[in-house]
Amino acid sequence: MTKTVNLTTTGGDYAYPLLEGSVGPDVIDIRKLYGQTGQFTYDPGFTSTASCQSAITYIDGDEGVLLHRGYPIDQLAEQSTFMEVAYLLLHGDLPKQKELDEFTYTISRHTMLHEQLATFYRGFRRDAHPMAIMCGVVGALSAFYHDSTDITDPQQRLVASHRLIAKMPTIAAMAYKYSIGQPFLYPDNSLSYTGNFLRMTFGVPAEPYEVNPIIENAMRRIFILHADHEQNASTSTVRLAGSSGANPFACIAAGIACLWGPAHGGANEAALNMLREIGNVKRIPEYIARAKDKNDPFRLMGFGHRVYKNYDPRAKVMQATAEEVLKELNLSDPVLDVARELEQIALHDDYFVEKKLYPNVDFYSGIILNAIGFPTEMFTALFALARTVGWVAQWNEMISDPEQKIGRPRQLYVGATQREYVPVAARG
Ligand code: SDX
């Protein structure tokens with residue numbers, strides 16, 4: 001017996017199905033609402049709207065829970081490789097050894113870029129922001145890999161998915177190399193996905209590059225922590241772009257553009273810049289006061305979240321990783337002291353407690369990336385690299401959904417009602 005929800009509005013009483021998921025909030029199926037009542041729902045920012053059904057990632061914001069296909073993020077971050085998580089998100093289960101070997105081999109065979117794309121980079125200024133390069137180059141992939149853009153063909157969808165996952169480290173590393181005027185390095189498929197990325201980023205042709213296992217492990221965790229996150233802004237952008245039938249490369253380029261915003265993936269770059277601006281623990285109260293001041297646009301970057309009203313479980317793993325990396329590399333960073341103290345003060349301040357603002361995934365990640373040697377401008381590019389796995393999995397899920405239609409939200413119109421045109425001479 002389907003549960004229903006009753007709605008009384010101008011024009012009568014209506015009953016709408018209440019749909020239950022495997023876990024989490026039920027949803028009221030209002031797909032027939034406009035046709036029956038002539039009215040829309042109103043939910044800017046989609047704070048109470050489920051845009052789709054998905055089996056990939058589950059978040060419980062109140063409990064600070066994040067599951068990928070049912071597996072808790074802390075267990076994946078501790079025990080799995082990024083290729084395992086990529087396979088899990090894409091195919092729904094952890095791979096058996098043979099499946100993992102085949103998947104890893106397939107991805108490694110797509111890590112190179114078409115040589116002509118290296119010329120494409122030369123059109124950018126050397127000081128171009130890496131995210132501008134990522135948007136341009138990823139969008140341009142559809143001009144080079146046209147044989148995997150027919151979204152109605154499952155095999156082409158799979159090839160495009162593999163190409164995107166495989167090429168993002170190469171594209172990101174090339175963006176970094178281009179910005180510092182060093183030559184591009186080709187992928188080395190004898191290395192892990194993460195090790196290959198580190199070598200393409202920090203290696204030089206003149207000498208062999210030894211992957212530091214401590215840094216490789218930290219990057220593995222960081223990539224896993226950023227892999228997917230339900231229907232966040234950039235994933236929703238990828239789904240909306242994909243719903244029009246756009247090719248996968250264009251959809252992921254749209255996701256990269258959305259992720260760039262400081263309220264979203266750009267927060268890791270903004271959070272480290274903020275911690276550096278604060279500079280020392282004595283100045284923290286001044287910035288806490290600014291964050292609480294309604295007339296000041298300043299916000300604590302790396303704090304707060306649309307869904308998490310408890311600790312972001314990724315931030316916990318990220319903080320532990322920051323402590324480990326700095327200790328194991330024998331580095332000290334005064335910014336980490338500022339971050340720790342800022343977190344403690346904020347977590348005990350009524351404003352942050354009442355509004356349930358906790359550190360999110362972006363609060364500590366910049367400290368680790370800075371310690372490893374990435375410039376701040378590369379932080380969001382690394383987020384995009386890792387999130388491509390989630391975007392691709394969500395895009396495939398959407399395309400395969402028989403109920404999927406083109407996304408076309410409506411509006412509450414508050415503009416001028418119809419009026420007659422007035423020639424310019426008569427406008428006074
Ligand atoms: C990511 O959606 C995802 O899953 C995203 C992500 C992913 O993996 O894809 O998790 C990645 O984007 C993490 C978030 C990174 N962004 C930041 O760290 C930027 C700083 N945070 C904020 O801009 C904000 O918290 C958001 C954008 C993250 C969430 O904003 P919401 O849910 O729209 O909440 P809101 O802006 O309505 O804020 C609620 C209240 C407001 O005060 P009131 O108007 O109720 O008085 O809390 C205040 C806000 O002013 N507030 C903050 C704050 N965040 C919210 N005040 C100070 N500092 C902050 N960081």
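Quotient of the Cα radius of gyration of the range 172-243 and 2.2 N^0.38 Å, N being its number of residues: 1.38.
If you take all other residues with their beta carbon under 9 Å from the beta carbon of residue 26, and give Lys and Arg +1 and Asp and Glu -1, the sum is 0. For residue 316, the aspartates and glutamates whose Cα falls under 14 Å of its own Cα, not counting residues fewer than eight places away in the same chain, are 63, 74, 78, 324, 343, 362.
Net charge near residue 121, counting Lys/Arg +1 and Asp/Glu -1 over other residues with Cβ under 12 Å of its Cβ?
Here the charged neighbours net out to +3.
Ordering 307, 358, 289 by Cα displacement along the dipole of the range 277-358 toward the positive end leaves 307 in first place; charges were set at the Cβ atoms of Lys, Arg (+1) and Asp, Glu (-1).
Counting only C-alpha contacts under 8 Å and six or more residues apart, can you give the relative contact order of the chain as a whole percent? It would help to have the intermediate numbers written out before the result.
On the way: 578 pairs, mean separation 83.8, N = 428.
Answer for the chain is 20 percent.
What separates the Cα centres of the range 34-78 and the range 108-159 is a distance of 30 Å.
Can you give the log10 of the normalised intensity I(q)/I(0) at q = 0.13, 0.20 Å⁻¹, computed with Debye over equal Cα scatterers of the range 123-171? Ignoring solvent entirely, the Cα scatterers give -0.35, -0.70. Overall, the accessible surface of the chain at a probe of 1.4 angstrom is composed of carbon and sulfur to the extent of 53 percent.
Placing +1 at every Lys and Arg Cβ and -1 at every Asp and Glu Cβ, with all other atoms neutral, what dipole size does the chain have around its Cα centre, in debye to the nearest 20? Don't skip to the answer; put the middle values down first.
Details: 39 positive and 48 negative charges, 253 e Å.
Magnitude of the dipole: close to 1220 debye.
If N is the number of residues in the range 125-273, what value comes out of its Cα radius of gyration divided by 2.2 N^0.38 Å? If you can, show how the numbers build up before the last one.
Details: Rg = 16.1 Å, N = 149, 2.2 N^0.38 = 14.7 Å.
Taking the Cα Rg and dividing by 2.2 N^0.38 Å, one obtains 1.09.
Looking only at 222, 256, 180, which one moves most when the chain is put into a Gaussian network model with springs between Cα atoms under 10 Å? Among 222, 256, 180, the largest mean-square fluctuation in the Gaussian network model of the chain belongs to 180.
Can you tell me what percent of all Cα-Cα pairs in the chain are more than 36 Å apart? Mind showing how you got there, number by number?
Working: 28994 of 91378 pairs.
The calculated P(r) of the chain puts 32 percent of pairs beyond 36 Å.
Pairs of Cα atoms nearer than 8 Å and 6+ residues apart set the relative contact order; for the range 4-50 it is 25 percent.
The local environment of residue 285, defined by Cβ-Cβ distances under 11 Å, has a net charge of +1 under the rule Lys, Arg +1 and Asp, Glu -1.
Under 5 Å between amide hydrogens, built in the peptide plane, is the criterion, and for residue 4 it picks out 18 among residues at least 5 positions away or on other chains. Using r as the Cβ-Cβ distance of residue 190 and residue 332, and R0 as 25 Å, what FRET efficiency do you calculate, to the nearest 0.05? So the FRET efficiency works out to roughly 0.15.
Binning the alpha carbon pair distances of the range 347-405 at 5 angstrom intervals from zero yields the distribution 4, 14, 14, 13, 11, 14, 14, 9, 5, 1, expressed in whole percent. Within the listed set 79, 36, 182, the residue fluctuating most in the Gaussian network model of the chain (springs between alpha-carbon atoms under 10 angstrom) is 36. Treating each Cα of the range 25-87 as an identical point scatterer and ignoring solvent, apply the Debye formula and state log10 I(q)/I(0) at q = 0.26 Å⁻¹. Results for the range 25-87 at q = 0.26 Å⁻¹ read -1.18.
Using only Cα atoms, what Kirkwood radius does the range 4-50 have, in angstroms? Intermediate values should be presented prior to the final figure.
Details: mean 1/r = 0.0847 Å⁻¹.
Radius from the Kirkwood sum: 11.8 Å.
When only alpha carbons are used to place a centre, the range 7-26 and the range 232-263 end up 29 Å from one another. Using a probe of 1.4 angstrom and keeping all protein chains present, the accessible surface of the chain works out to 50 square angstrom per residue.
Where the alpha-carbon atoms of the range 323-428 are placed on the principal axes, they occupy 74, 45, 33 Å, in descending order. Structural descriptor for the range 175-228: relative contact order 28 percent, calculated from alpha carbon pairs under 8 angstrom and at least 6 residues apart.
The mean of 1/r over all distinct Cα pairs in the range 31-160, once inverted, gives the Kirkwood hydrodynamic radius of 19.1 Å.
The values are calculated or read from the model by the stated rules, or taken from the named source; none is laboratory data. Model, not experiment: these values are computed from the prediction. With ideal geometry, Cβ positions are generated from the backbone for all residues, glycine too; neighbour counts draw on all protein chains shown. Side chains included, ligands, DNA and RNA excluded: accessible areas come from the protein's heavy atoms. Shrake-Rupley method; radii C 1.70, N 1.55, O 1.52, S 1.80 Å.
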